[in-house]
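Undergrad: Have a look at this one before I ask anything.
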Amino acid sequence: MTPDDLAALIRRRAADDPGARFITALAGPPGAGKSTLAAALVAALGEGARAVPMDGFHYDDRVLEARGLRSRKGAPETFDAAGFLHLLSRLRDEDEVAIPLFDRDLEISRAGADVVLPEDRLLVVEGNWLLLDEEPWRAAVYDMTVFIDVPEAELDRRLMARWAHHGKTAEAARAWIDGNDLPNIRRAVRGSRPAEVVIRWS
C-alpha cells in the first residue's frame, strides 16, 4: 500500500464524521521508517493533515540514569506514557494543543515545541509503542491503526546507518543495537496489538 492509497483510505474513513479529528496510529519497530512514512502520508493527505510524534515523551537522560534505565532508552518504560495518553485525550477535545518534540541531535525532548491547530483534523501519530498490548499503552484509542512491517535484517542495516550518522563508531553502534534496539524491535513486533492495516515500507 502506497502513501496515496493509505491517504485515500483515511479520507474515506474520516468522511463519516467530518467535524471531528481523525487520529491514525502509525506504529512500528525502531528503524521501520515511521517518521519518513508519516511525512509522506501527511503530504498525500494535504491540507488539514499533520504528524504528531510520540518521541517527544522520552524521559530526560537524567531521569533515566536515576532510574537505572539509561541503557534501555527507547523501551516503553523510558517514556511518559501517561503524558502521551493525556495528549491523545486533549487532541480529541481541544482545538489547539501544544506538543513536545524529540531533538535527536541534542538527545532531549522540547516541551511545547509545536502546536496542533484547529484546522489540523487528520492527525498521523507515529511511534514504536502505540499498539503495545501492555498497560498503560493498551488504553490508547485511535480511529485507524497501521503497523509497518520490515524484516529484522533491514532494520539492523538502517540502525547501523542511523547511529553512524549520529556519531557512534561501528563498535558502539553494534553494541547499542544488540543491547537495546534489537530487544525493542522484538518487543514492538511481538507485543503489539494487531493493526487494521499492515504495510511494508522500504
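Undergrad: In square nanometres, what is one fourth of the surface area of the convex hull spanned by the alpha carbons of segment 8-50?
TA: Values: hull surface 12.6 nm².
Dividing the Cα hull surface by four gives the mean projection, 3.2 nm².
Undergrad: I'd like the projected area of segment 48-90, averaged over all directions, using the convex hull of its alpha carbons. Report it in nm² with one decimal. List each step's numbers first, then the result.
TA: Details: hull surface 13.9 nm².
It is 3.5 nm².
Undergrad: What percent antiparallel are the DSSP beta bridges of the chain, to the nearest 5? Spell out each step's value before the answer.
TA: Working: 8 of 26 bridges.
Approximately 30 percent, going by the DSSP bridge assignments.
Undergrad: Still on this structure: Under the Karplus relation 6.51 cos²θ - 1.76 cosθ + 1.60, θ = phi - 60°, what is the ordered set of whole-Hz ³J(HN,Hα) values for segment 156-167, x standing for Gly and Pro?
TA: 4, 4, 5, 5, 4, 5, 4, 6, 5, 4, 8, x
Undergrad: Using θ = phi - 60° and the Karplus form 6.51 cos²θ - 1.76 cosθ + 1.60, what ³J(HN,Hα) does each residue of segment 78-95 get, whole Hz, x for Gly and Pro?
TA: In residue order, the calculated couplings are 9, 10, 7, 4, 5, x, 5, 4, 5, 4, 4, 5, 5, 5, 6, 9, 10, 6 Hz.
Undergrad: Packing-wise, with mean Cβ within 10 Å as the measure, how do 135-143, 45-53 rank, highest first?
TA: Values: 135-143: 15.0, 45-53: 18.0.
Ranking, from highest mean packing down: 45-53, 135-143.
Undergrad: Would you be so kind as to identify which of 113, 136, 124 lies farthest towards the positive end of the dipole of the chain, taking Lys and Arg as +1 and Asp and Glu as -1 on Cβ and the Cα centre as origin?
TA: Value: 136.
Undergrad: Could you please state, rounded to a whole Å, how far the C-alpha centre of segment 53-106 is from the C-alpha centre of segment 1-52?
TA: 21 Å
Undergrad: Along each of the three principal axes of the Cα atoms of segment 91-160, give the extent in whole Å, ordering the values from largest to smallest.
TA: 42, 31, 24
Undergrad: Output the peptides 165-177, 21-33 sorted from most to least packed, where packing is the average of other Cβ atoms within 10 Å over each peptide's residues. Walk me through the numbers on the way to the answer.
TA: Numbers: 165-177: 13.4, 21-33: 24.2.
Taking the mean over residues of other Cβ atoms within 10 Å, the ranking is 21-33, 165-177.
Undergrad: Tell me, what ³J(HN,Hα) does each residue in segment 179-190 have, in order and in whole Hz, if you take phi through Karplus 6.51 cos²θ - 1.76 cosθ + 1.60 with θ = phi - 60° and put x for Gly and Pro?
TA: The phi angles translate into x, 9, 5, 5, x, 5, 4, 5, 5, 5, 5, 8 Hz.
Undergrad: Calculate for the chain the 222 nm mean residue ellipticity that helices alone would give, adding -39,500 (n - 2.57) per DSSP H run of length 4 or more and normalising by residue count, nearest 500 deg cm²/dmol. Intermediate results must be reported in sequence, preceding the final value.
TA: Working: 7 runs with 74 residues, N = 202.
Roughly -11000 deg cm²/dmol at 222 nm, from the helical runs in the chain.
Undergrad: Also: Using only Cα atoms and rounding to the nearest 10 degrees, what angle (0 to 90) does helix 34-45 make with the longest principal axis of the chain?
TA: With both axes taken from Cα atoms, the answer is about 20 degrees.
Undergrad: Could you give the C-alpha radius of gyration of the chain expressed as a fraction of 2.2 N^0.38 Å, taking N as the number of residues it contains?
TA: On the way: Rg = 16.6 Å, N = 202, 2.2 N^0.38 = 16.5 Å.
Against the empirical 2.2 N^0.38 Å value, I get 1.00 for the chain.
Undergrad: Here's another thing I want to ask about it. Ordered by packing density, taken as the mean number of other Cβ atoms within 10 Å over each peptide's residues, highest first, how do 67-75, 54-62 rank? Before the final figure, lay out the partial values.
TA: Values: 67-75: 14.6, 54-62: 18.2.
Listed from highest to lowest mean packing, they are 54-62, 67-75.
Undergrad: What is the magnitude of the charge dipole of the chain about its Cα centre, with +1 placed on the Cβ of each Lys and Arg, -1 on the Cβ of each Asp and Glu, and no other charges, expressed in debye to the nearest 20? Provide the component values of the computation, followed by the final result.
TA: On the way: 27 positive and 34 negative charges, 109 e Å.
About 520 debye.
A short reminder: the numbers here are calculations on the coordinates, not readings from a lab. These figures come from a predicted structure and were not determined experimentally. With ideal geometry, Cβ positions are generated from the backbone for all residues, glycine too; neighbour counts draw on all protein chains shown.
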